[in-house]
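Data first, discussion second: the structure below is written as structure tokens.
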Amino acid sequence: MSSTTASSAIPINKSPFLRHVPAASRDASPTIHTRTSSPHSSSNCSSPDGSRSNSRRPSIGSIKEDIDGIAQSFVDTHIDQSPKEPSKPNPFEMQHPPEFCCPCGGFLGWKQIRLGGRGLSRSYSDLRALGNMHGRGWAWESTPTATPAPKTLQVMEEQKPVPGTSALEKLPPEVLDQIISLLALDVPPNGYTPRNVDLVSCLLASRTLHAATLGVLYRNMTFPHSIIFSKALNHVSQYPALGTLVRRLDFSHFTSVGLGRTKQMNSEIQNLTSRTLLQCLDLMPNLKECLLQEHVEGDLSADVVNKLFTGLPNLCAVDFCGCSSQSFSAVFREALTMGSGLPLSLPNLRRVSLHECSSLPAAVFENLIPRLINLTHLDVTHTQISEAALFSIPETARITHLSISRCTRLSGPKVVEFLTTHPAVCDSLVVLNLLTDPTRFRLFDEDDVSALLPKFPSTLRSLNLGGAKVNSTHVRALLPLTKHLEELGLSSADLTGQDVNTFFAPPAPKKSEEGSAESPAPESPTVASSPPAPEPWIPSTLCYLDLNKAPQLSLGTVFNTNACLLLSPQSYPLQVIEFSDKLIAPLRERTRNARGSLGWTVRELGRRGWYVRDPASMPSQLSDDGSRSWKMGARWWGMRKIPVAIGDVGGIYGHYMFKK
């Protein structure tokens, strides 16, 4: 249903957004974003001295990318507050009310204000003139403007467009939708601040903007905790037409941490349960993306899972990241066999993530995957997927994003056969994650790597071979990949500094042996053979290189610019190198003392550490924020979880992408 239709179903004068509500209760809007980059956003918090700060508000228990920093700059926020001992509020950290005016119930309009006994106001200019009479002007104007002549006022009134006919309101709905969408954020602030301040302001501007904004406001519904979910469900239940506008349910930020509740208290509150979640799905027939995760796995029932697979015909993406409990496994198996079971095909379901769903048995994958005839994204990291399930992917699928990292039931030769022969993957892959921990399980030996490297398609942009037995004999096969790959994971690879140099520098020309007695003389001057022209050197496209736990790379090797080109300008566009803590610890100290950093700095998150090039060290190069279409909204490098929806990285998805 279009935004206009939804607006007609809910009269604007009855919309709850037009009522005066206190700031504390203005968070009933289901999407919980605040426009942090907008100059009018309430996220510009005041510091104790009264100055304004543009720092981003934290999201409870989330991992987010910092858009203001260099590559691999993250905002890692969490709540250490104990439920039994709640901390006292800091007066300097109190949230400020949103920077917009919500008229009170007795407000009669701007043209009903008396102008110092001279009658009622007729326009905005009259009010501004009244402000200038008091010597202060409008509070938001830097300098008071002179009072215009009455004739000018009359001209301005004549030029004022009829309501609903302004240039903005005349824009096509598609263009207006794109403009208003810029006011919404995928990553929410913390769960207790006013949200969507700019969108609520648009709702109050005019009927046209009200109708256009509703579609943006309800397109993506993001829930940080159960209170917001309950308010959103009640609101959509009251106005069912709004449910037809919803395209995404996002629980990636959902948590009860910091609410001061025990697990028993959460179960008694009954805001988010399997019953209310099913009720929510029933109200949203046009849902396209459902993003779940481990913090809501206890609220999933067989009816909910079955609804997702069979009751939402437009659903194209579903994510069960981190749902690994035995109860979830039982619910999932029951859902696949309810009634007559799943249909023979699920043509609309294209992007599926079962990342870290380690409790699901192999039979679940063998039952579900053959039905995904249009599959494009599949993440089965650390699951029990079998080789039979892998080969059961329909040949009609065209997979661009695939992660089979740490799947211990797979064997190297069978995976090589699958990747090189199966029509669903052999010529369409863009992102491929084959990472394993060699101390527990090694997927590829030397022969597997030799058979696999020459078969990768030129469409590939991100490849993680971490844990595979890669050594110097594979450098020749790796070199062509560096001409189109932007991410390459070679953790635990047995490569020397000279091996890595071949990625960034052309080979030295071979010296010809002139005057050799063994070289045959040409038969005639006209048929003299000339040496073949060397192939032109194609620079590397690598922006990220994972050399974690590479045994032959030491601190001395990395910083010897004569023997290793990793940190030299010649390795550009390389921006991020991932190292183990054995190297990151001394690099951190070196960066702290600012001696010999060569324009690189350390960035860390969780168990991972990166050495990141400072863009200021390459002033002649265009800035690169790391955004790529295949990252689907992420900007930084080395993500280990396949995204199934386009959006900013945040919540627990950021934890699995970059922290683990």
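Just so you know, all these numbers are worked out from the coordinates, no wet-lab data involved. If you're wondering where the values come from, they're calculated on a predicted model, not measured in any experiment. FYI the Cβ positions are ideal-geometry reconstructions off the backbone, even for glycines, and counts take in every protein chain you see.
Taking only C-alpha pairs under 8 Å that are 6+ residues apart, what is the relative contact order of the range 577-660 in percent?
That works out to 23 percent.
Using only alpha carbon pairs under 8 Å that are at least six residues apart, calculate the relative contact order of the range 284-338 and give it in whole percent.
Result for the range 284-338 is 50 percent.
Semi-axes, largest first, in whole Å: what does sqrt of 5 times each Cα gyration tensor eigenvalue give for the range 290-349?
Working through the eigenvalues yields semi-axes of 19, 14, 8 Å.
Let's see if you can work this out: charge +1 on each Lys and Arg Cβ, -1 on each Asp and Glu Cβ, no other charges. What is the dipole magnitude of the range 377-439 about its Cα centre, in debye to the nearest 20?
In debye, rounded to 20, the range 377-439 gives about 100.
Would you order D624, D447, D299, D379 from fewest to most other beta-carbon atoms within 10 Å of each residue's own beta-carbon?
D447, D624, D299, D379
Can you run phi through the Karplus equation (6.51, -1.76, 1.60; θ = phi - 60°) for the range 242-254 and list ³J(HN,Hα) in whole Hz, with x for Gly and Pro?
Running phi through 6.51 cos²θ - 1.76 cosθ + 1.60 with θ = phi - 60° gives 5, x, 6, 8, 6, 10, 9, 9, 10, 10, 5, 9, 5 Hz.
On a 31 Å Cα-Cα criterion, which of the cross-link pairs K170/K631; K64/K455; K64/K469; K64/K414; K469/K641; K64/K288 come out too long?
Flagged as over cut-off: K170/K631; K64/K455; K64/K469; K64/K414.
Using θ = phi - 60° and the Karplus relation 6.51 cos²θ - 1.76 cosθ + 1.60, list the HN-Hα couplings for the range 598-610 in order, rounded to whole Hz, with x at every Gly or Pro.
Per residue, the Karplus-derived 3J(HN,Hα) values read 6, x, 10, 9, 8, 10, 9, 7, x, 8, 10, x, 10 Hz.
Could you derive backbone 3J(HN,Hα) for the range 333-345 from the dihedral phi with the Karplus parameters 6.51, -1.76 and 1.60 (θ = phi - 60°), listing whole Hz in sequence and x where the residue is Gly or Pro?
Computed from phi, the couplings for the range 333-345 are 5, 5, 5, 6, 10, 5, x, 8, x, 6, x, 4, 9 Hz.
If you average the sequence gap of Cα pairs under 8 Å that are 6 or more apart and divide by the length of the range 436-504, what percent do you get for the contact order?
Value for the range 436-504: 36 percent.
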